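Step one of this worksheet: look at the structure below.
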Amino acid sequence: MATPLGARGTAHHPTTRPQVLTGARVVLPTGTVPDGRVTIDGTKIAAEAPHGNVVDVSGHWLVPGFVDLHNHGGGGASFSGTAEDVQRAIRTHRLHGTTTLVASTVTDDMDILVRQAGLLSELAEQGDLAGIHFEGPFISPCRKGAHSEALLRDPDPAEVRKLIDAARGRASMVTLATELPGGLDSVRLLAEHGVIAAVGHTDATYEQTVQAIEAGATVATHLFNAMPPLGHRSPGPIAALLEDERVTVELINDGTHLHPAALELAFRHAGPGRVAFITDAMDAAGIGDGRYLLGPLEVEVSEGVARLVEGGSIAGSTLTQDRAFQRAVTIDRLPVEDVVAALSANPARLLGIDDTVGSLEPGKDADLVLLDENFELKGVMRKGEWVVDPQLA
Ligand SMILES: [Zn+2]
């Protein structure tokens with residue numbers, strides 16, 4: 001239909017006035033402000049806005065959007081799938097507060113991983129993903145978890161390089177068993193290329209893990225899971241990873257992967273600055289029980305716990321970061337500020353993107369999560385747009 005004459009000059013412009021969210025308990029890097037305000041101007045957090053639309057969010061917590069370092073999918077789709085699958089998984093996790101996400105692959109043929117890296121790098125280029133995490137194939141058959149044994153290989157630096165190249169500058173992290181032949185050289189190669197070397201799915205001793213950290217490894221992939229347990233005569237990788245100030249430890253805080261006491265032990269020992277709460281989520285996250293694929297392997301999800309159909313290994317989680325938040329505060333009784341650090345600031349710093357995300361500070365992206373007093377998610381904003389609209393009166 002034609003536009004009526006005269007209507008042209010008065011066309012509706014989308015509202016461009018800044019929004020000022022007031023009255024919430026706002027968690028800032030310096031602590032929690034009880035009656036704080038956050039100003040959003042366009043896609044960014046602004047310092048002040050005298051003419052902003054004031055939105056009352058009292059009775060809520062306002063925290064930075066979550067950053068997930070390790071995530072395989074959600075909403076019935078995985079990061080090993082098509083571009084549409086990848087978008088669906090991203091969308092699912094955004095609805096749960098994850099505004100920044102690194103897509104994790106699982107062990108597969110090198111050719112398939114190279115192709116998938118190309119696809120994921122395009123989505124990273126568009127700003128939909130923060131990067132790519134290759135979990136496998138350079139991992140230990142002794143600690144393979146839900147990875148296909150036949151496709152595992154030693155970490156040959158030339159092959160590691162092939163994956164980094166395929167990711168076209170978007171490789172964020174590679175999880176590898178650093179004790180395998182070529183492991184330490186691969187760690188050095190990753191460090192040289194600014195890619196995080198993560199120790200995981202490993203059978204390393206304490207001493208071997210110390211060597212990996214000396215070579216440049218800076219992350220523990222889901223600490224405690226897929227590595228030898230902490231022993232008093234052979235402390236293994238856990239002690240080495242927990243004690244070194246240079247290492248950030250990933251924890252899957254879903255109540256299944258870690259006993260609360262193990263979580264508390266790690267959290268207390270590493271301190272709130274060196275923990276990243278990750279989901280390690282697979283397709284079923286945000287959906288529910290049923291049969292799914294994790295890479296080439298079949299997984300059965302029952303009561304929210306994902307296990308391989310063959311062998312019964314835990315196969316990723318169905319966790320979302322809003323649930324990790326709620327659990328950490330209400331069950332683990334961790335201080336809200338420490339939980340915010342583990343879900344936002346620490347992973348952002350690790351990824352080197354803390355100039356744009358990870359805290360509620362002027363100049364950063366307007367990525368934020370609104371939680372009620374029971375830490376239920378009520379709103380999610382990404383780059384100034386509500387992904388989950390809090391429906392405030
Ligand atoms: Zn994983």
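Nothing in this text is a laboratory measurement; each read-out follows from the coordinates by a stated rule. If you're wondering where the values come from, they're calculated on a predicted model, not measured in any experiment. Neighbour counts run over all protein chains shown; Cβ positions are idealised from the backbone, glycine included.
Annotation for region 301-393: trypsin sites (Lys or Arg not before Pro) lying in DSSP loop with at most 14 further Cβ atoms inside 10 Å of their Cβ are ARG333. Give the angle, between 0 and 90 degrees and rounded to the nearest 10, that separates the Cα long axis of helix 110-125 from the longest principal axis of the Cα atoms of the chain. Roughly 20 degrees between the two axes.
Here, region 250-393 has an Rg and a Dmax of 16.4, 51 Å when only alpha carbons are counted. This model, with +1 at the C-beta of Lys and Arg and -1 at the C-beta of Asp and Glu, gives region 23-155 a dipole about its Cα centre of some 340 debye. Each residue of region 191-201 is assigned a 3J(HN,Hα), and the resulting list reads 4, 4, 8, x, 9, 5, 9, 10, 7, x, 6 Hz, derived from the Karplus form 6.51 cos²θ - 1.76 cosθ + 1.60 (θ = phi - 60°), x at Gly and Pro.
Maximal additional length on extending the ASP372-ARG333 stretch stands at 12.4 nm, based on 0.36 nm per residue less the C-alpha distance. Label-to-label distance, GLN126 versus GLU207, with points set 7 angstrom from Cα along the beta-carbon direction: 5.1 nm. Evaluating kT/(6 pi eta Rh) at 20 °C and 1.002 mPa s, with the Kirkwood radius of region 237-329 over Cα pairs in the Stokes-Einstein relation, gives 152 µm² s⁻¹.
For region 374-389, backbone phi angles converted through the Karplus equation (6.51, -1.76, 1.60; θ = phi - 60°) give residue-by-residue couplings of 9, 6, 7, 5, 10, x, 9, 10, 10, 6, x, 10, 5, 8, 10, 7 Hz, Gly and Pro being listed as x. Relative to its residue count, region 243-288 spans a Cα convex hull of 75 Å³ per residue.
Between region 228-242 and region 38-90, the C-alpha centres lie 37 angstrom from each other. Here the Kirkwood formula puts the hydrodynamic radius of the chain at 21.4 Å, using every distinct Cα pair. Less than 12 Å Cβ to Cβ from ALA342, Lys/Arg counted +1 and Asp/Glu -1: what total charge do the surrounding residues give? In short, -2.
Straight-distance candidates among the lysines for linking to LYS383, with alpha-carbon spacing under 19 Å and chain neighbours fewer than 8 residues away dropped: LYS44, LYS364. Sorting ASP203, ASP154 from the fewest to the most surrounding beta carbons within 10 angstrom yields ASP154, ASP203.
Against the main long axis of the alpha-carbon atoms of the chain, helix 321-330 sits at an angle near 90°. Per-residue extension of 0.36 nm, minus the Cα-Cα distance of LEU293 and LYS162, leaves a gain of 44.6 nm for this segment.
For region 97-162, the dipole from Cβ point charges (+1 on Lys and Arg, -1 on Asp and Glu) about the Cα centre works out to 180 debye, to the nearest 20.
Computed extension length for SER302-ALA150: 52.1 nm, one decimal, from 0.36 nm per residue of separation with the Cα-Cα distance subtracted. Taking a straight line from the alpha carbon of LYS144, these lysines sit under 29 Å away, with near neighbours fewer than eight places off in the same chain left out: LYS162. Rounded to the nearest 20, the size of the Cβ-charge dipole of region 66-351 about its Cα centre is 440 debye, with Lys and Arg at +1 and Asp and Glu at -1. Here the 3J(HN,Hα) profile of region 289-299, calculated from phi with Karplus coefficients 6.51, -1.76 and 1.60 at θ = phi - 60°, is 5, x, 9, 9, 10, 10, x, x, 9, 8, 10 Hz, Gly and Pro shown as x. Once the Cα atoms are used to define both axes, helix 260-270 deviates from the longest principal axis of the chain by about 90 degrees.
The residue list GLY379, MET173, LEU189 was ranked by how far each Cα lies along the charge dipole of the chain toward its positive end, using unit charges on Cβ atoms, and GLY379 comes out on top.
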